[in-house]
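Heads up, the thing below is written out as C-alpha cells.
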Amino acid sequence: MESKKVIFSGTQPSGKLTLGNYLGALKNWVDLQDDYNCYYCIVDLHAITVPQEPKDLRARTLEVLAQYIASGIDPEKNTLFIQSHVTAHAELAWVLNCLTYMGELNRMTQYKEKSSKVGANLNAGLFTYPSLMAADILLYGSDLVPVGEDQKQHLELARDLAARFNTKYSETFKVPEPYIPKVGARIMSLQEPTKKMSKSDDNKNAFILLSETADETRSKVRKAVTDSIGEVNYSDDQPGIKNLLTMYSIFTGESIESIVDRYKGEGYGKFKEDTAEAIIEGLRPLREKYNYLMSNKDYLENIYTDGAKKAEYAARKMLRKVYKKVGFIPRKFD
Ligand code: AMP
Ligand code: TRP
C-alpha cells in the first residue's frame, strides 16, 4: 500500500454531479483504485468561498459522497473524506498563505472570473482559495492530481509553493504532477453542444444529472439541440448529434460507425429516443445504488468517518513536520 503512488483530487459540493463529471472523471477514477493510493475529498471549505445555504451545503456534501461510491469508487480501496473533518487542511493553508505572493493569486484566471461576477465586497477566501487547494494536495505527498483544464493553473501554484517551501526550509513536500487520463470523453452541453456540459449552467436542460429521474433524462435528451441536416452522422458540423452519438456508444459499447449505419435515412426522433434509453439503462445501476445510499445515512457516516481518520493520520504527520520546520514549538499534548 505505502509504495503505491498517491493520487489526490477534490470536488466542491457546490452543485450536483453531471453525466460529464461521471464519464470525464469519476469513471476514470474507478480504474485507478487498484494501482494507486487515492484520496478523494469533498472540499466543503472551498465551497464557502461563495455564498452557500447551510442546509443545502450539508445535503450536497452527502450527495457527492454517495455519487462517488455509486460510481464505483470503492470506500475500502480509496480514502473518501470531507475536507473540514481534517483540520490540517486549514492549518497548512495558513502556512502556505504566508508563502504565497499577492501577485500570484492576482493572476489566477478563476479568481478574475469569479471576482468580476461578485463585484463589491469580495471575500479574502475567494482570493486565497488556491493556497488551500495547494494544502490539500501537499499534505498527502501526492504524486498525481487528476484535474480538468480549468484547475491546471492552481496546480501549478501548488508545485511552486512545494518547491518554495523545500528551498526555504529543506526538502519536505513532493512536487505534484497533473494527471490527464488517456481517454476522457468530453461531454457537451445538450443545449449548446459546442460548450462542455457543466453543472453550473443556468439552463437545466443543458445537463444530465446523475441523481435525476429517468423521465427527466428522457425529456432533456428529447429537447437536445440538433441541426437542420436531418441525418445521423458523426461530424463536427453536427455537434449536437456527435455528442449524442458519443454517449450512445459509451453506454452500449456499440461502435459509432455501427450506430450511424443503423439510423441511415431515419431522421432524429427514434435516434434520440434510443439514446435516452441507452443513457438511462447505463446509469440505472448507479442511480439505484445512489438512492439506496441516500436512504442509508448511517453507512455514509461510517465511510466519511473512517476516511477522515485515515486522512487525519497522514495529514497530521505532515503538518507536524511543517510546523517544526517553520519554527513553531511542538505542543506537548495530543
Ligand atoms: P467540474 O465539475 O468542472 O469541477 O469538473 C470536475 C471533473 O469532471 C474534472 O475532472 C472535469 O474534467 C470533469 N468534467 C466536468 N465536466 C465534464 C464534461 N462535460 N465532460 C468531461 N469531463 C467533465
Ligand atoms: N478547486 C477544485 C475545483 O474547483 C477542487 C479542489 C479543491 C481540488 N482541492 C483540490 C482538486 C485538490 C484537485 C486537488 O474543481
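The values are calculated or read from the model by the stated rules, or taken from the named source; none is laboratory data. Note that this is a predicted model, so its numbers are computed, not measured. Virtual Cβ from ideal backbone geometry, glycine too; neighbours counted across all protein chains shown.
Output the number of residues of the range 1-55 satisfying the condition of being assigned to a loop (DSSP other than H, G, I, E, B), in contact with a helix residue (DSSP H, G or I) (Cβ under 8 Å, 6 or more places away or on another chain) and closer than 22 Å to Leu138 by Cα.
Number of matching residues: 5.
Given the structure, is Pro54 without any contact (Cβ under 8 Å) to a residue 24 or more places away in the chain, farther than 25 Å from Arg320 by Cα and either within 16 Å of ligand 1 (Cβ to nearest atom) or surrounded by fewer than 23 Cβ atoms within 10 Å (Cβ to Cβ) (or both)?
So Pro54 passes the test.
Can you report the number of residues in the range 179-200 which are more than 10 Å from ligand 1 (Cβ to nearest atom), within 17 Å of the chain's Cα centre (by Cα) and crowded, with 16+ Cβ neighbours inside 10 Å?
0
For the range 191-207, name all the residues that are in contact with a helix residue (DSSP H, G or I) (Cβ under 9 Å, 6 or more places away or on another chain), of a type in the set (Gly, Ala, Ser) and in contact (Cβ under 8 Å) with a residue 24 or more places away in the chain.
Ser198
Out of curiosity, is Glu254 farther than 21 Å from Ile73 by Cα and free of Cβ contacts under 8 Å to residues at least 24 places away in the same chain?
So Glu254 passes the test.
Condition check ((1) in contact with a His (Cβ under 6 Å, 6 or more places away or on another chain); (2) within 16 Å of ligand 1 (Cβ to nearest atom); (3) closer than 13 Å to Pro176 by Cα) across all residues:
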{"site": "Leu105", "(1), (2), (3)": "no, no, no"}
{"site": "Lys114", "(1), (2), (3)": "no, yes, no"}
{"site": "Pro146", "(1), (2), (3)": "no, yes, yes"}
{"site": "Glu149", "(1), (2), (3)": "no, yes, no"}
{"site": "His154", "(1), (2), (3)": "no, yes, yes"}
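Taking only the range 143-185 into account, find how many residues are more than 16 Å from ligand 2 (Cβ to nearest atom) and part of a loop (DSSP other than H, G, I, E, B).
Total meeting the criteria: 6.
Assigned to a helix (DSSP H, G or I), surrounded by fewer than 18 Cβ atoms within 10 Å (Cβ to Cβ) and out of contact with any strand residue (DSSP E or B) (no Cβ under 7 Å at 6 or more places or on another chain): is that true of Ser249 in this structure? Outline the logic, then answer.
Numbers: assigned to a helix (DSSP H, G or I): yes; surrounded by fewer than 18 Cβ atoms within 10 Å (Cβ to Cβ): no; out of contact with any strand residue (DSSP E or B) (no Cβ under 7 Å at 6 or more places or on another chain): yes.
No.
Among (1) buried (at least 20 other Cβ atoms within 10 Å of the Cβ); (2) at pLDDT 95 or above, where does Ala90 come up short?
All conditions pass for Ala90, except number (1).
So, Ala124, is that one crowded, with 16+ Cβ neighbours inside 10 Å and within 27 Å of Arg316 (Cβ to Cβ) or not?
Working: crowded, with 16+ Cβ neighbours inside 10 Å: no; within 27 Å of Arg316 (Cβ to Cβ): yes.
Answer is no for this residue.
Only one of these conditions is not met by Ser295: (1) surrounded by 12 or more Cβ atoms within 10 Å (Cβ to Cβ); (2) without any contact (Cβ under 8 Å) to a residue 60 or more places away in the chain; (3) not acidic (Asp, Glu). Which number is it?
For Ser295, the exception is condition (1).
For the range 121-132, does any single residue satisfy the condition of being free of Cβ contacts under 8 Å to residues at least 12 places away in the same chain, at positive phi and among the polar types (S, T, N, Q)?
Checked against the condition, which is being free of Cβ contacts under 8 Å to residues at least 12 places away in the same chain, at positive phi and among the polar types (S, T, N, Q), the range 121-132 yields at least one hit.
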